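Heads up, the thing below is written out as structure tokens.
The values are calculated or read from the model by the stated rules, or taken from the named source; none is laboratory data. As the structure is a prediction and not an experimental result, all values here were calculated from the model. Ideal geometry is used to build each Cβ from the backbone, glycine not excepted, and the neighbour counts take in all protein chains shown. Accessible surface areas use protein heavy atoms only, side chains included; no ligands, DNA or RNA. Shrake-Rupley method; radii C 1.70, N 1.55, O 1.52, S 1.80 Å.
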Amino acid sequence: MRPLKSLCPFACLPVLLALASFPVPASADTWASWRGVNSDGVSADTGLPSSWSPDGENLLWKAPYGGRSAPVVVDGRVCVVRLAEPGTVERWQEQIACLDAETGELVWEHRYNVFQTDIPHHRVGWASLVGDPDTGNVFAHGVEGMVIAFDPEGSIIWSRSTSEEVGRISGYGGRTSTPILDGDLLVVNFLSAGWGSTFIPRHRFYALDKRTGETVWLSTPGNAPYDTTYTVPVVREIDGQRLLISGNGDGAIHAMQVATGLKVWEFPISKRGINSSVVVDGSTVYASHSEENVDESTAMGRLVALDASRITDGKPRQVWAVDGFAAGYASPVIHEGILYGVDNSANLVAFDSSDGTELWKENIGIAQRSSPVVGDGKLYVSDVDGQLHILQLAGREPPEKTDHDEFKDPDGSATQINGSPAIANGRVYFITNNTLYCIASAHGASGAPADHVGEADSAPQDAEPAHLQIVPGETILVPGGKAAFRARLFDAKGRLIGETEAAWSLDGPLGGQLNTIGEFTASDLAPQGGHVVATAKGLTAKARVAVRSSGGFLEDFERYDVDSVPDGWSAIRGRFRVVDSGGGKMLLKPSGNPRTWRTTVYVGMPSQSEYEIEAEMMSMEQRRRIADMGLVSHRYTLALMGNAQSLMVRTWLSELERFSKEVPFEWDPEVWYHVKLRVEPDADGSTSIRGKVWPRGQDEPAEWSIEAVDAIGHDHGAPAIYGYSSADIHYDNVKVTPFGD
């Protein structure tokens, strides 16, 4: 983190003139989440501009902080997440930047490395930030799986590495979901293949305590996902239940109780994952997609209205549907009984929200990603080809287009706009690939403070307990680590009754001491995984607990049954299994399922540093294919590349140009090799990475087989084993040794 106060980024004179003409209202509002305080894309601000010009008309300021997601405005700052220094490959990082909302001056920034993902650089910063109006804190969900909480000055409050901890799956497409806040909960969602009961890849929702990052609950509401998605949940109270309503990778819309994660209903609509987010008006949920429909319709795409107050057999009643409306990316906005949606071909269409009747259609470009917003009777909407449109709404009649600007890159080519605008303080903030803009008229003013749609209510005094929850709902400990669990009761509508005394016990292969008030101390054995169980008022709940080493260990797999796996390691069950070769046990990564060929299994903690990892491994040869196999340390992979006959060091799979080194290295299938990886941070912020490979049973060579230096290095990260099993891979004697041991 680098707190900064800078000069105006550029265009200083327009800024000073703007400050003299357009003072910020004393009761400035915020746009702290992706689509405003109520996640509906509607602002109460007035006097918003009907036109503007990049050359100065109604332009307050612009700053060179482009990106692909939406800006958020909180605590007098406008914040974005982006690719840092896009023109300098070796400096590519994910960057959080918070600017003064009045002037565009940089207040603070934080940069961190992208690691262990195949998301390409131009999709860094996919998920928008979310701000907390109560505290001024800002939360990020990065493409590498980092979830980070920042205080108003830019210092890190807490962070979670979901890839290393719970097996988050990124996927090449870059789709990363924007987190949301509701009360004390920060909810993030992603695909994962974890440990224990979560080993099957599914789209999961994690509710974290916004103050500490502790997992309150996790939920797996859907079936097998078709792909990764970036749908953003919406929270609403319907029929007395406060619901989290969201699309899912399985092609359905799901509703869960916000406080518990329990699924209330689902509605399948698509044969692919859902990327667009829902919008909710009262008890009606509007959702769209652009893929094949789940029924016999031959149309691509559908827009539906669902009555979430009428649930039959776990599904809401469909009020109406429009086939062939292919809005798979942009989410709709509803205002004064009219639903505005933009399809993938950038056709802006207005529908009567009561029956789905099309009122008018306006083409605004070629392709569409960002979602429209409404404020002061105007609709602000951009398209991918770098055009921002301002339309004066006219009820059920076609709107008047009052402004239309197309942005260009320095080389004259059109830039992109992927993120939605934000409206706050009587101003409109929007972002292109290269620039963050703030525009306003002389009459811009904040509207009346918007109330949150519903507030979390406690259960009535006579409420009957219907659900028992343990907090934390999931935790990862080191050997001898401690966790204090607490039990909470909820009624059938997910309203909190309160904490309760419980009877505590352990379940599954989990060793340690658990006392009568829910305090657990893990045994010295690692890895292991199981459950802490609470029973109260006739109800039972389980909390997931994994134990992983944070220091030195040697795993030879002899203590495991054949066909089992080490409990507590993510992404191992279903992809690996212990086998007996007759001379001893080892770990096999079979090649049967191409979907699981590439797997990284983290065997330690994300905070680990100053250690060396080594293991013995062997690839078979199948259909002229030799596997890739190796180790991970401090978020660097050392890989023996089978068919390439090389040795590679890398950290960001799809961006080897950012950092990697590859040397020729001849090695044979069906031969055991000893592989060692040592990563050492240097005093200047760089990191030295050294790898060594030699045939098992021979003396260790004095020289390293490969050496590299990363100028913006990682100084910590969980140890792991890696395999791309286009052919079967065997592993044995995985050893982690702290420096000096």
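Numbers for the structure displayed
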| item | result |
| --- | --- |
| Hits in the stretch 281-320 - residues which are assigned to a strand (DSSP E or B) and hydroxyl-bearing (Ser, Thr, Tyr) | 284, 286, 288, 290, 309, 312 |
| In the stretch 656-666, residue farthest from residue 90 (Cα to Cα) [restricted to those that are of a type in the set (D, E, K, R), part of a loop (DSSP other than H, G, I, E, B) and open to solvent by 20 Å² or more (accessible area, probe 1.4 Å)] | 666 |
| Residue 108 being aromatic (Phe, Trp, Tyr) and under 15 Å from the mean Cα position of the chain (by Cα) | no |
| Residues (open to solvent by 30 Å² or more (accessible area, probe 1.4 Å) and touching a residue at least 40 places away in the same chain (Cβ under 8 Å)) located in the stretch 213-224 | 214, 218 |
| Residue that is among the hydrophobic types (A, V, I, L, M, F, W, C), farther than 18 Å from residue 420 by Cβ and at pLDDT 95 or above, where the choices are 379, 359, 348 | 359 |
| Per-region count, the stretch 106-129, residues more than 25 Å from residue 37 (Cβ to Cβ), in a loop (DSSP other than H, G, I, E, B) and open to solvent by 20 Å² or more (accessible area, probe 1.4 Å) | 2 |
| Count - residues of the stretch 189-212 that are within 26 Å of residue 69 (Cα to Cα), among the hydrophobic types (A, V, I, L, M, F, W, C) and either open to solvent by less than 10 Å² (accessible area, probe 1.4 Å) or over 15 Å from the mean Cα position of the chain (by Cα) (or both) | 3 |
| Subset of the stretch 686-732 [surrounded by fewer than 19 Cβ atoms within 10 Å (Cβ to Cβ) and polar (S, T, N, Q)] | 686, 688, 698, 705 |
| Among the candidates 492, 466, 522, 484, residue that is under 28 Å from residue 557 (Cβ atoms), under 33 Å from the mean Cα position of the chain (by Cα) and either crowded, with 21+ Cβ neighbours inside 10 Å or at pLDDT 95 or above (or both) | 522 |
| Answer residue from the stretch 156-188, given it is part of a loop (DSSP other than H, G, I, E, B) and farther than 24 Å from residue 654 by Cβ and is least open to solvent (accessible area, probe 1.4 Å) among those | 183 |
| Within the stretch 308-340, considering residues that are open to solvent by 60 Å² or more (accessible area, probe 1.4 Å) and among the polar types (S, T, N, Q), the one farthest from residue 350 (Cα to Cα) | 312 |
| Residue in the stretch 96-105 that is part of a loop (DSSP other than H, G, I, E, B) and more than 13 Å from residue 429 (Cα to Cα) present | yes |
| Qualifying residues in the stretch 326-359 (those that are assigned to a loop (DSSP other than H, G, I, E, B) and of a type in the set (D, E, K, R)) - the one nearest to residue 276 (Cα to Cα) | 343 |
| Some residue of the stretch 667-681 being modelled with pLDDT under 95 and part of a strand (DSSP E or B) | yes |
| Output for the stretch 572-616, where each listed residue is over 27 Å from residue 689 (Cα atoms), assigned to a strand (DSSP E or B) and of a type outside the set (A, V, I, L, M, F, W, C) | 573, 577, 580, 585 |
| Test result for residue 127, modelled with pLDDT of 95 or more and in contact with a His (Cβ under 7 Å, 6 or more places away or on another chain) | yes |
| The stretch 565-574, residues that are among the small types (Gly, Ala, Ser) and open to solvent by 30 Å² or more (accessible area, probe 1.4 Å) | 574 |
| Criterion: under 25 Å from residue 193 (Cα atoms) and exposed (fewer than 14 other Cβ atoms within 10 Å of the Cβ) - qualifying residue of 595, 577, 548 | 595 |
| Selection within the stretch 379-404 - of a type in the set (A, V, I, L, M) and farther than 25 Å from residue 436 by Cα | 393, 394 |
